[in-house]
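Worksheet: the structure to be examined is printed underneath.
The values are calculated or read from the model by the stated rules, or taken from the named source; none is laboratory data. Fair warning: this is a prediction, and the values are worked out from it, not measured in the lab. Don't worry about glycine lacking a Cβ; one is built from the backbone with ideal geometry, like all the others, and counts go over all protein chains shown. Accessible surface areas use protein heavy atoms only, side chains included; no ligands, DNA or RNA. Shrake-Rupley method; radii C 1.70, N 1.55, O 1.52, S 1.80 Å.
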Amino acid sequence: MLLIVGTDAPLLEGLAQLLAGPRDRIEVVNTLDEAEEVARQHRPLLIVIERACVAADDGARAFALPLAPGGAFVMYRTADDDSPPPALSHGIARHVLADLMLPLERARLFALAQYVRARAHESGRGWSSAPLSP
């Protein structure tokens with residue numbers, strides 16, 4: 001499963017369409033509360049999360065979201081955000097596979113999603129939407 005967290009509905013819908021494969025489950029949510037609920041039910045292999053959601057509490061809640069084994073976080077900011085991105089703290093940078101400017105770097109996001117999927121498949125972990133056991 002792939003989880004996309006952010007506030008720009010048209011961008012999120014475009015990302016979901018870009019990343020959806022024939023057997024993939026994609027969940028799009030707007031808040032960390034919704035993300036926590038979804039991630040508790042099905043651990044995502046990839047979480048694509050808006051930088052503003054991470055910055056709210058220095059990433060403590062965002063990076064506490066459960067991932068499937070071999071999973072990864074990708075942060076993004078929109079092209080409308082003119083301010084230069086603040087440097088990531090070492091704690092945050094350690095959790096993040098990439099920090100992208102979307103939609104400009106959507107091809108890079110697609111390639112990263114394929115990489116995470118292939119890495120999970122090769123290690124036998126798969127890109128599964130199987131529910132977690134209690």
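What the table shows:
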read-out: Number of positions in segment 94-121 that are under 18 Å from Asp24 (Cβ atoms) and either open to solvent by less than 40 Å² (accessible area, probe 1.4 Å) or among the β-branched types (Val, Ile, Thr) (or both); value: 5
read-out: Residue within segment 82-93 that is modelled with pLDDT of 85 or more and among the aliphatic types (A, V, I, L, M) present; value: no
read-out: Index of the failed condition, Ala64 passing every other in (1) touching a strand residue (DSSP E or B) at 6+ places or on another chain (Cβ under 9 Å); (2) farther than 18 Å from Leu18 by Cα; (3) modelled with pLDDT of 90 or more; value: (1)
read-out: Any hit, segment 96-105, residues being assigned to a helix (DSSP H, G or I), among the small types (Gly, Ala, Ser) and closer than 23 Å to Ala9 by Cα; value: no
read-out: Subset of segment 27-48 (residues that are at pLDDT below 95 and β-branched (Val, Ile, Thr)); value: Thr31
read-out: Residues that are polar (S, T, N, Q) and either more than 20 Å from Met101 (Cα to Cα) or touching a strand residue (DSSP E or B) at 6+ places or on another chain (Cβ under 8 Å) (or both), drawn from segment 11-38; value: Asn30, Thr31
read-out: Which numbered condition Ser128 fails, given (1) in a helix (DSSP H, G or I); (2) at pLDDT below 85; value: (1)
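A quick yes/no check of all residues on (1) in contact (Cβ under 8 Å) with a residue 24 or more places away in the chain; (2) more than 22 Å from Arg119 (Cα to Cα):
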residue: Leu2; (1), (2): yes, no
residue: Leu32; (1), (2): yes, yes
residue: Glu37; (1), (2): no, yes
residue: Gln41; (1), (2): yes, yes
residue: Ala52; (1), (2): yes, yes
residue: Phe63; (1), (2): yes, no
residue: Tyr76; (1), (2): yes, no
residue: His95; (1), (2): yes, no
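Results for (1) within 12 Å of the chain's Cα centre (by Cα); (2) under 23 Å from Ala111 (Cβ atoms), shown as yes or no for each residue.
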residue	(1), (2)
Arg40	no, no
Ile47	yes, yes
Ala56	no, no
Gly70	no, yes
